[in-house]
1. Pull out all pairs, ordered by first then second residue, where Cβ-Cβ is under 9 Å, the residues are six or more apart or on different chains, the first lies in the range B:62-85 and is within 27 Å of residue B:333 (Cβ to Cβ), and the second is in a helix (DSSP H, G or I) and among the basic types (Lys, Arg).
2. Within the range C:473-492, track down each residue that is among the hydrophobic types (A, V, I, L, M, F, W, C), farther than 13 Å from residue C:401 by Cβ and touching a helix residue (DSSP H, G or I) at 6+ places or on another chain (Cβ under 8 Å).
3. In the range C:223-269, what count of residues is obtained for those that are of a type outside the set (Gly, Ala, Ser) and closer than 12 Å to residue C:337 by Cβ?
4. From the list B:406, B:429, pick out the single residue that is more than 29 Å from residue C:204 (Cβ to Cβ), surrounded by 21 or more Cβ atoms within 10 Å (Cβ to Cβ) and within 10 Å of chain C (Cβ to nearest Cβ).
5. Can you tell me which residues in the range B:19-61 are closer than 29 Å to residue B:483 by Cα and of a type in the set (S, T, N, Q)?
6. In the list B:314, B:268, B:297, which residue meets the criterion of being aliphatic (A, V, I, L, M), closer than 20 Å to residue B:218 by Cβ, in contact (Cβ under 8 Å) with a residue 40 or more places away in the chain and in contact with a Phe, Trp or Tyr (Cβ under 9 Å, 6 or more places away or on another chain)?
7. When you check residue B:195 against the structure, is it in contact with a strand residue (DSSP E or B) (Cβ under 9 Å, 6 or more places away or on another chain), in a helix (DSSP H, G or I) and modelled with pLDDT under 90, yes or no?
Amino acid sequence: MEFLSGHYAYWFIFALMIVGLYGMLFKQNMVKKTIGLSIFQASVVLFFVSIASKWNATVPVKSDQFPVENVANYLNPLPHTLMLTAIVVGVATLGVAFTLLITIYNRFGTLDEQEVIEKVQ
Amino acid sequence: MIETHLPVAIVFTYLLFAVIGTAVSFRNKDWAQPLAVLGAGVATLFSIIAFISFLNEGEIVRYWFGNWQPPVGIEFVYDGLSGFISLVINFVAFIVLWHSGANAKAEFKSKRHVYYSVAMLLMLGFNGMVMTGDLFNLYVFLEISSLASYALIAIGNKNAPFAAFRYLIIGTVGGTLYLLGVGFLYTITGTLNMIDMEAMLPMLMDNNVAIAALVLILGGIGVKAALFPLHGWLPDAYTNASSTSSALIAPIGTKVAAYVLFRVVLYVYGADTFESMIPIDYIIGLLASVGIIYGSVMAIGQKELKKMLAYSSVSQIGYIIMGLSLMNPFGFAGALLHVLNHAFMKACLFLVSGNLRLKLGHTRVFDFDSSVAKKQPWTMFGFTVAAISMVGLPPLAGFFSKWYLAIGTVQNSNWLFLAVILVSSLLNAVYFFRILEKVYTNKDNPADLDLDAVEQDEVGFNGKAPVMILAIGLLVIGLTNAAIVGFLFNIFPG
Amino acid sequence: MDLQLVPLLAILTSLAAVPFILLSDKKPNLRESWTIIAAVVKFLLVLTLIPGALEGKTVALELFELAPGLPLLIKADPLGVYFATIASGLWIFTSFYSIGYVRGAGEHKQTRYFASFAICLSSTIGIAFSGNLLTFIVFYEMLTLATYPLVIHKETPKAIAASRKYLTYTLTAGLLLIAATAMTYIYTGSIEFVPGGVFGDTQLSPLLMAVIFILFLGGVGVKAGIMPIHSWLPAAMAAPTPVSALLHAVAVVKSGVFAVIRIVGYVFGTDVLAAYGLNEILIVLAGTTIIVASLMAFAQDNLKRRLAYSTVGHLSYIVLGVALLTPLGMQGGIMHIAAHATMKITLFFCAGAIYVNLHKENISQLNGIAKVMPWTMAAFTIGSLGLAGIPPVNGFLSKWFLAMGSLQGDVTIALIILVVSGLLNVGYFFPIIQRAYFRKGGEELDHHGEASPFMVVPIMVTASLSVIFGIFPNLFFGFFDLAASIAQTLFTGGGL
C-alpha cells in the first residue's frame, strides 16, 4: 500500500508518460502525436520538479521570512532551473515540429500519418 | 594560457559564425558558404592546437564557466577522448562544408544560406556535446544539435519533412529518456558533474536507481546513435534528406552519440562498475552485432546509393558500439579508430553521392554503367578507395579498425562477435564491389552506348578536392594508425 | 652495398613503374618497355640477395609500425629469396609473352592489364619478403585486390562470374587469416615468422590448436588450391592466358603454398605440429586433392581447365611434401615450387599460343597442330613429361625428393599417391600430345605458322630451363642447395 500511496507523485508521472507514449504511438493524426510528445516531455519536467520538493518548504525565491542559510525552508532550486531550460527546449521542439507539420500539410494536404505514407509510396 | 580557453573557443566559434553568417546572408547569399567554411576551419584549427597542446602537456583542461567551481558550476572538460572526437568531427565538417557549394546551389537554390546557418548551429551542438563535463548541459547541446538536424533533414525532397517529423518524434523521445536518466542520477548522487559522479557511482553499484538510470541513458542515446533496434529513423532520414545535409549529418551525428555512450559507460560509470551491475555490456554487444549484420544485409537489397549508405551506416555504428561493449583496450582503440575511419569513409561516400547526383541527376545503382567512370573519374576513384576501405582491405584505414576489434574479441574469447565482424566484411564487399563492377566494366552498358563519345563531365575543384583529401586521408590513417592507436591505448580508462 | 634496402626496393620497383605505365597509355611500346625494365631491375635486385641466402643469412628491415608493437617487417630469409627469385625471374618471360598475347588477341584495356600486373608482382615479392603475419596479410590482400582486374579483364559474363567467385573465396580466406592471426597474437604474443615457430612454449588445448591451424589452412588453402576450396582456380581460367600462366601457375597459387610452408615451418613449427598431430589433417587434404584433381583433369576438354586441375593437383604435391614433416619431404616440396612453376608456365604459354594463333581452346580440336606449331608442341611435351615426373626434366627431381620424404617419414600412403598421380598425369597429358603429333589436322590448319616470336621465345626458354634445372639443379641460382638448407633449418636435429 505504501508502495502505491507513498509514491503517488511517481505513479502520476508514470501515467502521464504512458498517455504521452500512447499518443505518439497509436494516434494517426500527426498533431496528436506532437501533443503526445509534449505530454511526454511534461511528465519528465514534473518528475524533476517532484524531486525538488521537500516537506514544509517554500518556493526557492528569496524571502525575508526565512534566512537563505536555512536550506530546509526552501525547495531545491536546481531541478527547477534545469526544467526552465528543458521547457524552453520543449517549446523549441514544438516550434520545429509544427513547422514541419505545416510543410507536410501544404505538400500532402493531410495530417493523417497513414495517408501520408500512402502518398509517399 | 590560451589552451584553457580553447574548448570554449571551438564551440563559440560556431555560434559566432552562425550569427555572422545569417546577418551577412541578408545582404549577399553567396557569402554564406565561405563564412561557414571559415567557421569550420577556424574551429578545426582550434581543435588541432588544443589537441597538440594536450599531447605535449598531457593535462586535462577544465574550463569553468563564469569561474563557478563544479559541481555548482558547469564546466567544459578537454581530455583525450573529447579532444580526439572534436578534432575528427570538426575536420570532417570542414571538408564537407567546403564541398557543399555546388550541391547547395543546386538543391536549395535561393534558400542555401539557411543551410549554412543551421549547419553552424548543428556543429555548435555537436561540439558542445563533446566538450561538456556536465550531464544536463549535454542534454541542452543534444537538443540543439537534434533540432538543427531535424531542420537540415527537412530541406530535402518532397518526402523529407515527413521523414524529419518521424525522426523528430523518435529523437525527442530519446532525448527525454536521457533527461529522465540524468534526473534519476541526480536524485541519488546530488550532482550533475561527470567527474563528481564518477567518484560517487562506485559506491552506488547495487542501487536500482543507478541501474535504471543507466538503461534510460543508454536507450535514449542509443536512439541517436542508431543502435539496433532503435535505428529505424535513420534510413528514411538520410535517404530523403538532400545530399548536402546527409553528407554533414551522416559522418558526424551518430559518432557524437557514440561518444556520449563511451563517456557515460567508461568515464562516468567506469568499466568496473558497469560490468558488475548487470551484464549489459554483453547485451549491448549482441544488439550491436545484430545491427551489424542487419545493416549489411539490408544494404545489399538497396537499389539506391544513399539508402544503401544509410543502412551501411547502421552497420558501421554497430562496430563502434561492439568495440565499446568489449571493455578492453583493443576494443576501445578499435572502436575509436573506427569512429575516425568511418567519419572519413562515410563523408567521402556521401560526397561522391552528391557529385553523382549533381552530374548524373540520380544515384540509382542499377542504372550505373561504365559511362559513369568515364564521366566522373575522380569521383569514382574516391568511391573506390572508400569502398575498399569499408570492406577492410589493407593498407587502408578500414582494415586496421577491424583488426583491433578482432583482437579485442579474441581477448574476451568472444567468438560470436569475431565471426560477426568477419562475415560483415564479406557482406560489405557484395554491395560495394557490385558498384565497382558496374562502373569499371562494360557488362551493364546499354547496347546503344557509345563509350568513346562519352565526354568527361566531372565536378569542379571544390567538388573533387575534398573527396581526394578524404580518400588519401584513408591511406594516411591506415599507414599511421599505430601512432593513433598508441594514443588511444593511453587514454583508455582503467 | 647495404643489402638491407634491397628487399624493399625489389618490392617497390614495379609499384614505381605503375604511374609510368598509366601515363604511357597512348604509347604502347613505351608502356610495355616500363614493364620490361621494371621486371629486369626487380630480378637483378633479388639476385643480389642469393649469395647471402645460400649462406643462410637473412636481411631484415623494419619500417614504420603497422600497429603498436607490430612493424611492417621486410625480411629476406632464404625461403623468401627462393620464392622471390622464381617469381621475378618468370615475370620477365611473362611480360614478353603478355605483349605477344595481348597484341595478338587484340585485348582491350591493355593499360589496366599491365598496371595491375605490376602491382601483382609487387604484392608477390612483398609476400615473399614479409617478416611477420601482419605484413604478410597486408601484401596477401593487396595481391587479391590487384589480381581482381586481371581475372575480370575480358568482362564477359564468364569472366564476371569467375571474378565474383574468386573474390568470394579469397576475401573469405583473408578474413580467416585475420582471425587466425589475431588468435595467434593473443595466445603467443608474437606473430613473427621464425624457423621453428612461435608456439614453442605455449600450452594450449589440442582443440584450440586445431582450430587455429584450420583457420590458417582456410586462409592460405584457398590460394594454395587445397580441395574443397579450390574451385576458384578452374573458374579463373576465364582470364587471359598470361594471367592464368603467371598468376595462377606462379604468383597467386605459389603464394598460397609458400604461405603453407610459412604456417607449418615458421608459425607453428614442425615439432609443435608433430606433437599435436595436426599435420595429419594436411596429409589427408593434400592427398585427396592430388588424386581427385588428377581424375577431374581427365574429364576436362578445355585445355586451360585441364591445366588448372593439374595445377591444383601439383600444388598439393608441395603441400603433401610439407605435411610429411621430414627434411627430404620439405625439400622436395620447396623444389617442386620451382619445378612446377617452370613446367606449368610453359604449358600455359603453349595453351595461350594455340589460342591466339589457331583460336582453339579445346583438346578435341588439337589434332595435328604439331605440324603447324612444332616449337610450341615440343615445349608442351617437355613440360608434360616433367609434370609426370620423367627425367631429365626438373619435375623428376622434385618428385624424387618427395618420394624420399615419404619414405623418411614412413608415410607409405603418400608414396602410393605420388606414384598413382604420376600415372594419372601421363594419362591426361599423353592424349594431348598424341593428338597433336599423331593425328591428322583439319584444313583450317593450312596457312598457319608458328605463333609470334614474342610468345614462342619465352616458351622455349622456360621449357629449356625445365630441362636444364633438371640436369643441373644448382645452376645459376643454387636452387637445390637453397631448398636443402631451408628444409634443414626447419627441423631441429633433422626430422621427426
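1. B:81/B:263; B:82/B:263; B:85/B:255
2. So the first thing to find is which residues in the range C:473-492 are among the hydrophobic types (A, V, I, L, M, F, W, C), and the list is C:475-477, C:479-480, C:482-484, C:486-487, C:490-491.
Next, only the ones that are farther than 13 Å from residue C:401 by Cβ stay: C:475-477, C:482, C:490-491.
Correct list: C:475, C:477, C:482, C:490, C:491.
3. Here is the first cut: in the range C:223-269, the ones of a type outside the set (Gly, Ala, Ser) are C:223, C:226-230, C:232-234, C:237, C:240-243, C:246-248, C:250, C:252-254, C:257-258, C:260-264, C:266-268.
Filter once more, keeping what is closer than 12 Å to residue C:337 by Cβ: C:250, C:253-254, C:257-258, C:260-261.
Counting residues in the range C:223-269 that are of a type outside the set (Gly, Ala, Ser) and closer than 12 Å to residue C:337 by Cβ gives 7.
4. Numbers: B:406 fails: more than 29 Å from residue C:204 (Cβ to Cβ).
Residue meeting the stated conditions: B:429.
5. Answer for the range B:19-61, where residues must be closer than 29 Å to residue B:483 by Cα and of a type in the set (S, T, N, Q): B:44, B:47, B:53, B:56.
6. Details: B:268 fails: in contact with a Phe, Trp or Tyr (Cβ under 9 Å, 6 or more places away or on another chain); B:297 fails: closer than 20 Å to residue B:218 by Cβ.
Checking each option against the conditions leaves just B:314.
7. Details: in contact with a strand residue (DSSP E or B) (Cβ under 9 Å, 6 or more places away or on another chain): yes; in a helix (DSSP H, G or I): yes; modelled with pLDDT under 90: yes.
Answer is yes for this residue.
Residues are listed down the side, and each one gets a yes or a no for (1) within 14 Å of another protein chain (Cβ to nearest Cβ); (2) in contact (Cβ under 8 Å) with a residue 12 or more places away in the chain; (3) in contact with a Phe, Trp or Tyr (Cβ under 8 Å, 6 or more places away or on another chain); (4) of a type in the set (A, V, I, L, M):
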{"position": "C:32", "(1), (2), (3), (4)": "no, yes, yes, no"}
{"position": "C:38", "(1), (2), (3), (4)": "no, yes, no, yes"}
{"position": "C:44", "(1), (2), (3), (4)": "no, no, no, yes"}
{"position": "C:48", "(1), (2), (3), (4)": "no, yes, no, no"}
{"position": "C:52", "(1), (2), (3), (4)": "no, yes, no, no"}
{"position": "C:59", "(1), (2), (3), (4)": "no, yes, no, yes"}
{"position": "C:63", "(1), (2), (3), (4)": "yes, yes, no, yes"}
{"position": "C:69", "(1), (2), (3), (4)": "yes, no, no, no"}
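The values are calculated or read from the model by the stated rules, or taken from the named source; none is laboratory data. Since the structure is predicted, the reported quantities are computational estimates derived from the model, not experimental observations. Because the Cβ atoms are built from the backbone with ideal geometry, glycine has one as well, and the counts that use them run over all protein chains shown.
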